[in-house]
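All remarks here apply to the structure that follows.
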Amino acid sequence: MPTETIDLAAVRADFPALHREVDGCPLIYLDSAATAQRPQSVIDAELAFVTGANAAVHRGAHTLAAEATDLFEDARATVAGFVGAAPEQLVWTSGATAALNTAAYAIGAAGLVREGDEVVVTEAEHHANLIPWQQLASRTGAVLRHIPVHEDGTIDVSAAASVISSRTRVVAFAHVSNVLGIVNPVADLVALAHGVGAIAVMDACQSAPHLPLDLPGLGVDLAAFSGHKMLGPNGIGALYGTAELLDALPPVFTGGSMVTTVTLETAEFLPAPHRFEAGTQPVSQAVGLAEAVRYLDRLDMGAVHARERMLEQRMREGLRGIDGVRLLGDADAERIALCAFAVDGVHAHDVGQFLDARGIAVRVGHHCAQPLHRRFGPAATVRASAGVYTTEDEIDALIDAVGAVRGYFGAA
Ligand code: PLP
């Protein structure tokens, strides 16, 4: 899809937060991988729900409750459709962290991982797709193994083939790492997992906002993503699953809204997805997220990806050209527009403050991926990440500012 199909001026006009200043400078928001800004239509959709139809769903006989239920279930169908899934395959959660924890607990409770079994993750996972599997392994007596990444940041697929064995029950991996920005070889990992009968779990947090995503087409069994990274609200995300696996998994949280019959001794649970959604639901957030994916659909995810690839190449080439800047995992691979880098002689937090004083918002630290940082060396890096609203000029401003960092701190 040609990049001209996105009218960037019109897109930017849709995002109120982009028009503020920081320290007298126009905001340059390059932290979309942490949380993306929201277009006015998402804010309006949430507001319209709260002011017009605010009620609890799936209970109550009154008009507002019926309207809220329709909006909530329509939102599910819309968001499921965005990732190629049927509505019953999409479980609402409070975010990707909750979705991945739900997956790990339910898999353990179903007895699908037992003592002596193996659970495999990659070295490049966000803690949200690492610690739940560590905890599952320690609860069950399973062994956690990892697939290494090459120096250029790509997954070592041949090592994966030897790490994944007949003892493997789960293979959990990010579609796109939140530090490296590289699109991982999903087809290879899914084939290796399924070849030994293991469950393939994908963290789609950093792909859902940037690439056309067809979860059934990718063949993963479970996947997770977060609303606030894809132009939507906080407090909402989803666990996608194949119908077969969701039917086999028990609920993790129990209580209201997820049952058919309850006695003092027992409870019968609704089918998926409702059986995983105990309690009062985040309805305005679901409505907002549905509007966010409608917004992305209107832009066209193919066009979004093409434009962000162009931004990614501009950012990477610009940063590569600066003396003393080291990019983590610098492979020429398919990517999203995200670069993590270290500046020789200057702490990442100092770089972040230097950029902030120029209105440039980036993330600094280990980005919830300590093992990956340990593998590459620096304890902390600077991460710049673009969104649908990022301009070429903003990327150039980042490159100019980073080019001045070492001189400013006397490290050049
Ligand atoms: N996975 C990845 C790759 C992420 O980037 C993040 C957020 O930073 C998460 C999981 C966790 O998402 P959330 O904090 O929205 O639950």
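The values are calculated or read from the model by the stated rules, or taken from the named source; none is laboratory data. Since we're looking at a predicted model, the values are computed, not measured. Backbone-built Cβ (ideal geometry, glycine too); neighbour counts: all protein chains shown.
Can you tell me which residue is farthest from Thr102 (Cα to Cα) among those in the range 200-248 that are small (Gly, Ala, Ser) and more than 15 Å from the chain's Cα centre (by Cα)?
Going through the qualifying residues, I end up with Gly217.
Please go through the range 185-239 and pick out each residue that is within 12 Å of the ligand (Cβ to nearest atom) and free of Cβ contacts under 8 Å to residues at least 60 places away in the same chain.
Met202
From Val183, Val176, Val190, Val259, which residue is more than 21 Å from Leu289 (Cα to Cα), β-branched (Val, Ile, Thr) and either surrounded by 20 or more Cβ atoms within 10 Å (Cβ to Cβ) or touching a Cys at 6+ places or on another chain (Cβ under 7 Å) (or both)? Step through it out loud before you land on a result.
On the way: Val176 fails: more than 21 Å from Leu289 (Cα to Cα); Val190 fails: either surrounded by 20 or more Cβ atoms within 10 Å (Cβ to Cβ) or touching a Cys at 6+ places or on another chain (Cβ under 7 Å) (or both); Val259 fails: either surrounded by 20 or more Cβ atoms within 10 Å (Cβ to Cβ) or touching a Cys at 6+ places or on another chain (Cβ under 7 Å) (or both).
Of the residues listed, the single one that is more than 21 Å from Leu289 (Cα to Cα), β-branched (Val, Ile, Thr) and either surrounded by 20 or more Cβ atoms within 10 Å (Cβ to Cβ) or touching a Cys at 6+ places or on another chain (Cβ under 7 Å) (or both) is Val183.
Of all residues in the range 155-178, which are of a type in the set (Ser, Thr, Tyr) and touching a Gly at 6+ places or on another chain (Cβ under 9 Å)?
Ser166, Thr168, Ser177
Check the range 255-265 and report whether any residue there is in contact (Cβ under 8 Å) with a residue 24 or more places away in the chain, more than 12 Å from the chain's Cα centre (by Cα) and within 16 Å of the ligand (Cβ to nearest atom).
no
Looking only at residues in the range 398-409 that are more than 26 Å from the chain's Cα centre (by Cα) and in contact (Cβ under 8 Å) with a residue 60 or more places away in the chain, which one is surrounded by the most Cβ atoms within 10 Å (Cβ to Cβ)?
Checking each candidate, the answer is Val402.
If you go through the range 231-269 one residue at a time, how many are out of contact with any helix residue (DSSP H, G or I) (no Cβ under 9 Å at 6 or more places or on another chain), of a type outside the set (Val, Ile, Thr) and either farther than 19 Å from Met202 by Cβ or in a loop (DSSP other than H, G, I, E, B) (or both)?
7
Answer yes or no: is there a residue in the range 141-156 that is within 16 Å of the ligand (Cβ to nearest atom) and part of a loop (DSSP other than H, G, I, E, B).
Yes, the range 141-156 contains a residue that is within 16 Å of the ligand (Cβ to nearest atom) and part of a loop (DSSP other than H, G, I, E, B).
Within the range 341-350, does at least one residue satisfy the condition of being within 16 Å of the ligand (Cβ to nearest atom), within 18 Å of Val179 (Cα to Cα) and among the small types (Gly, Ala, Ser)?
No, the range 341-350 contains no residue that is within 16 Å of the ligand (Cβ to nearest atom), within 18 Å of Val179 (Cα to Cα) and among the small types (Gly, Ala, Ser).
Of Ser138, Ser177, which residue is more than 16 Å from the ligand (Cβ to nearest atom) and modelled with pLDDT of 95 or more?
The unique qualifying residue is Ser138.
I'd like the full set of residues that are among the polar types (S, T, N, Q) and surrounded by 14 or more Cβ atoms within 10 Å (Cβ to Cβ), limited to the range 55-75.
Thr69
How do the pairs read when you match residues in the range 31-43 that are more than 22 Å from Leu398 (Cβ to Cβ) with residues anywhere that are away from the ligand (no atom under 16 Å from the Cβ) and among the aromatic types (Phe, Trp, Tyr), using Cβ under 6 Å and keeping only pairs 6 or more apart or on different chains?
Pro39/Phe15; Pro39/Tyr295; Ser41/Tyr295
Just a yes or no: is a residue in the range 105-123 among the hydroxyl-bearing types (Ser, Thr, Tyr), away from the ligand (no atom under 16 Å from the Cβ) and surrounded by fewer than 24 Cβ atoms within 10 Å (Cβ to Cβ)?
No, the range 105-123 contains no residue that is among the hydroxyl-bearing types (Ser, Thr, Tyr), away from the ligand (no atom under 16 Å from the Cβ) and surrounded by fewer than 24 Cβ atoms within 10 Å (Cβ to Cβ).
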